[in-house]
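Participant: First the structure, which I've put down as structure tokens, then a few questions once you've had a look.
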Amino acid sequence: MTTKKYYFNNYCYWPSNPKIIIEFLGGSYLSTKPDITYKRFIKSLVERNYAVHACRYFPEFDHQSLAIKAWKDFKSCKKLLSNRLGKNLISYRIGHSLGSKLHLIAPDGGRNCKKFISISFNNFGASESIPFLKNFSRKFEFNSEFSPSPKRTLKIIQNTYIQKNNLLIKFNSDNLDQTSELLNCLREREEDKSKGVLLKGNHTTIASAGLREDLLGEWADDNFKRKSIHKICEIIDNHS
């Protein structure tokens, strides 16, 4: 039996005796309701006896602040589950798009997880991510960029991120993906063990049609997405 609770900005899915905790950060805007936008992915993980903590956050320019807040909330949820079970579990961190960046710039540098899985890593600047922003900022004479900037983000990862066990998943039709840049950055570190996997799909392949399914039923589900999400969860299970 699995219980679903909402603690510390996280939708917490707790099987009766989970084997591992998944700390999941979704992409920008999708992250405002991850229990719906990543419904199929979360369900597939729970069926494999993972406890899932899916963080809810709202996009802002200060990505470092978002990363710190999410990291603290994950710690609080992990403590709640540990108290409930009477034991400590190891955790895996999974990020999609912006969520991958937030995990990578967390305050602990990846120390407190067993491994990290990045899906469709995105590190574009504000003007690329928000099309109208460049012209808007010129018109009103102000500078606006994500913090840390794309260049600074890669520098932080190279200098402070110490987790060696990283799996990077990208899709062959994803125009927003920057996984190759991330993989090159990680491999510049000593004793790095990062691996890359290429799958068929696009930037939102991992995002389920949760709302559409709720309204229209199982027939409205996308069979390709269903199979792709199942494949991703198999890869997560088998990665060491």
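Participant: Report the full-extension gain for the segment LYS5 to GLU181: residue separation times 0.36 nm, less the Cα-Cα distance, to one decimal in nm.
Facilitator: Numbers: separation 176, 0.36 × 176 = 63.36 nm, distance 3.66 nm.
Result: 59.7 nm gained on full extension.
Participant: What number comes out for accessible area per residue over the chain if the probe is 1.4 Å? Units Å², please. Kindly include the intermediate steps, with their values, before the conclusion.
Facilitator: On the way: 12010 Å² over 240 residues.
It amounts to 50 Å² per residue over the chain.
Participant: Loop by DSSP (not H, G, I, E, B), at most 11 other beta-carbon atoms within 10 Å: where is the longest site-free stretch of the chain for GluC sites (Glu not before Pro)?
Facilitator: Details: sites that count: GLU60, GLU141, GLU188, GLU190, GLU191.
Longest gap between qualifying sites, sites excluded: 61-140.
Participant: Along the Cα→Cβ direction, 7 angstrom out, place labels at ASN159 and SER147. What is the inter-label distance in nm?
Facilitator: Here the answer is 1.7 nm between the modelled labels.
Participant: Another question, then. How long are the semi-axes of the ellipsoid equivalent to segment 1-117, from square roots of 5 times the Cα gyration tensor eigenvalues, in whole Å, largest first? Before the final figure, lay out the partial values.
Facilitator: Values: eigenvalues 87, 50, 29 Å².
Semi-axis lengths for segment 1-117 are 21, 16, 12 Å.
Participant: Compute the distance in nm between two label points, each set 7 Å from the Cα along the Cα-to-Cβ direction, one at SER173 and one at LYS33.
Facilitator: Calculated label separation equals 2.6 nm.
Participant: For the chain, give me the percentage of DSSP beta bridges that are antiparallel, rounded to the nearest 5 percent. List each step's numbers first, then the result.
Facilitator: Working: 10 of 36 bridges.
Antiparallel bridges make up about 30 percent of those DSSP assigns within the chain.
Participant: Still on this model: Extension gain GLU60-LEU85, at 0.36 nm per residue separation less the Cα-Cα distance, in nm? Mind dumping the intermediate values first?
Facilitator: On the way: separation 25, 0.36 × 25 = 9.00 nm, distance 3.50 nm.
Value of the extension gain: 5.5 nm.
Participant: Quick one: of LYS39/LYS115; LYS43/LYS227; LYS69/LYS101; LYS72/LYS193, which pairs are farther than 18 Å apart, Cα to Cα?
Facilitator: Working: LYS39/LYS115 22 Å; LYS43/LYS227 13 Å; LYS69/LYS101 14 Å; LYS72/LYS193 27 Å.
Where the Cα-Cα span goes over 18 Å, the pairs concerned are LYS39/LYS115; LYS72/LYS193.
Participant: Sticking with this structure for a sec: Please list, in order along segment 15-32, the HN-Hα scalar couplings obtained from phi with the Karplus expression 6.51 cos²θ - 1.76 cosθ + 1.60 (θ = phi - 60°), rounded to whole Hz, x for Gly and Pro.
Facilitator: Result, rounded to whole Hz: x, 5, 9, x, 8, 8, 9, 9, 9, 10, 10, x, x, 4, 6, 4, 6, 6.
Participant: Within the chain, which is the longest segment containing none of the trypsin sites (Lys or Arg not before Pro) that sit in a DSSP loop and have at most 11 other Cβ atoms within 10 Å?
Facilitator: Numbers: sites that count: LYS19, LYS87, ARG111.
Here the longest run is 112-240.
Participant: Same structure again: From the P(r) of the chain, can you give the percent of Cα pairs sitting at distances over 32 Å? Mind showing how you got there, number by number?
Facilitator: Details: 4987 of 28680 pairs.
More than 32 Å apart: 17 percent of the Cα pairs in the chain.
Participant: Skipping prolines and chain starts, which residues have an amide H placed within reach, meaning under 5 Å, of the one on ASP222, given they are 5 or more residues away or on another chain?
Facilitator: ALA209
Participant: Between LYS200 and ASN49, what is the label-point separation in nm under the 7 Å Cα-to-beta-carbon projection?
Facilitator: 3.2
Participant: Using only helices, what value at 222 nm comes out for the chain when you add -39,500 (n - 2.57) per DSSP H run of length 4 or more and divide by the total residues, to the nearest 500 deg cm²/dmol?
Facilitator: Numbers: 10 runs with 97 residues, N = 240.
Computed ellipticity for the chain at 222 nm equals -11500 deg cm²/dmol.
The values are calculated or read from the model by the stated rules, or taken from the named source; none is laboratory data. The structure displayed is predicted, hence computed values, not measured ones. Cβ atoms come from the backbone with ideal geometry, glycine included; neighbour counts cover every protein chain shown. Heads up: the accessible areas ignore ligands, DNA and RNA and are worked out on the full protein's heavy atoms, side chains in. Shrake-Rupley method; radii C 1.70, N 1.55, O 1.52, S 1.80 Å.
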